[in-house]
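Have a look at the structure below, then the notes.
The values are calculated or read from the model by the stated rules, or taken from the named source; none is laboratory data. None of the values given here were measured: they were computed from a predicted structure. Quick reminder, even Gly has a Cβ in these numbers, built from the backbone with ideal geometry, and neighbours come from all protein chains shown. To get the accessible areas, we keep the full protein, side chains included, count just its heavy atoms, and leave off ligands, DNA and RNA. Shrake-Rupley method; radii C 1.70, N 1.55, O 1.52, S 1.80 Å.
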Amino acid sequence: YSDARRVLNEQASLRALRALHAKGELAEYDVIHFASHAFFEPAQPRLSSIALRDGPLTFQELLSWQLGARLVCVSACEGGGAISF
């Protein structure tokens, strides 16, 4: 995609994603794809998280963000637990 934005290495941080969210930039994307390690919490799925450079992004926090995306995809170890909200 010519208009795709990659966030890699040092930029792939919780701090950077929170900044993009605060500026409203994440709401502009149609598809958001995370390729990272993840941790699945079967007893409390909303506490499952995506491992980022400086800490975990929980699904609970991700769900609280205003996103315009039609699809948010997580490709990760332990990402196989299907959760639909």
### Summary
Flagged in segment 62-79 as at pLDDT 85 or above and more than 9 Å from the chain's Cα centre (by Cα), in numbering order, are Leu63, Ser64, Trp65, Gln66, Leu67, Gly68, Ala69, Arg70, Leu71, Ser75
### Query
Restricting attention to segment 42-78, which residues are part of a loop (DSSP other than H, G, I, E, B) and either in contact (Cβ under 8 Å) with a residue 40 or more places away in the chain or in contact with a Gly (Cβ under 9 Å, 6 or more places away or on another chain) (or both)?
Pro42, Ser48, Arg53, Asp54, Trp65, Gln66, Leu67, Gly68, Ala69, Arg70, Glu78
### Task
Scan segment 4-14 and give yes if some residue there is among the acidic types (Asp, Glu) and open to solvent by 90 Å² or more (accessible area, probe 1.4 Å), otherwise no.
yes
### Task
Output the number of residues of segment 27-40 satisfying the condition of being in contact with a Phe, Trp or Tyr (Cβ under 9 Å, 6 or more places away or on another chain) and either not hydrophobic (A, V, I, L, M, F, W, C) or not in a strand (DSSP E or B) (or both).
1
### Query
Inside segment 2-26, can you point out the residues that are touching a Leu at 6+ places or on another chain (Cβ under 6 Å) and in a helix (DSSP H, G or I)?
Leu14, Leu20, Leu26
### Task
Would you please name the residue that is most open to solvent (accessible area, probe 1.4 Å), looking only at residues in segment 42-56 that are modelled with pLDDT of 90 or more and out of contact with any Phe, Trp or Tyr (no Cβ under 8 Å at 6 or more places or on another chain)?
Arg53
### Single match in Ala27, Ala82, Ala22 (criterion: more than 14 Å from the chain's Cα centre (by Cα) and modelled with pLDDT of 90 or more)
Ala22
